[in-house]
Each structure stands twice: as C-alpha cells, then as structure tokens.
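Following this message is one structure expressed as structure tokens.
Rule-based calculations on the coordinates, nothing more; no lab input. None of the values given here were measured: they were computed from a predicted structure. Backbone-built Cβ (ideal geometry, glycine too); neighbour counts: all protein chains shown.
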Amino acid sequence: FRQWMNLLEPPEREVMTLRFVEQLEYHEIAAAQAIPIGTVQSRIFNAKKKLALHLASVQTAPLQVA
C-alpha cells in the first residue's frame, strides 16, 4: 500500500488518504484542505488513474520464481 501511495504526488496522496483511509466525503475533504470540491475530485480521479496504470503493468508482468 505504501509503495502505491508513494507513486502519487503529495496532494494526491493526501486526498486519497482522507477519502479511502479516513473515509471522508468529498465535501469534507474540501473543507479540511480548504480547496474547492472540484480540486478534490480531480486529484482523486488522477490518482486512481495513475494507480490503475501501475497496477495493470504489475499484473501483466511475468511472475518471477525464486
């Protein structure tokens, strides 16, 4: 989990943590961060897209047997 989160920019990491770890709603994140709700939405969208691309590449990589 921490490796995945480190792929994100700090502002993306913050909103993802607030949304999926702390389970805050978008409007609560916007208020806590003093940013527009649209910014929260775009950061979460972009972060999910980055993580999806990374996870897709990990899934298609051949397994290494030790």
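In degrees from 0 to 90, rounded to the nearest 10, what is the angle of the helix 37-60 Cα long axis to the longest principal axis of the chain?
It works out to around 10 degrees.
Hey, what do the phi angles of region 13-21 turn into as Karplus ³J(HN,Hα) couplings, whole Hz, using 6.51/-1.76/1.60 and θ = phi - 60°, x for Gly and Pro?
Going residue by residue, I get 4, 4, 5, 5, 5, 5, 6, 9, 9 Hz, with x marking Gly and Pro.
May I pose another question? If you take the C-alpha gyration tensor of the chain, multiply each eigenvalue by 5 and take the square root, what semi-axes do you get, largest first, in whole Å? Walk me through the numbers on the way to the answer.
Values: eigenvalues 160, 25, 15 Å².
Those come to 28, 11, 9 Å.
What dipole magnitude, in Debye to the nearest 20, does the chain give about its Cα centre under +1 on Lys/Arg Cβ and -1 on Asp/Glu Cβ? Show your work: numbers first, answer last.
Numbers: 7 positive and 6 negative charges, 52 e Å.
My answer is approximately 240 debye.
Under 5 Å between amide hydrogens, which residues at least 5 positions from LEU24 or on another chain qualify, with H placed 1.01 Å from N in the peptide plane?
ARG19
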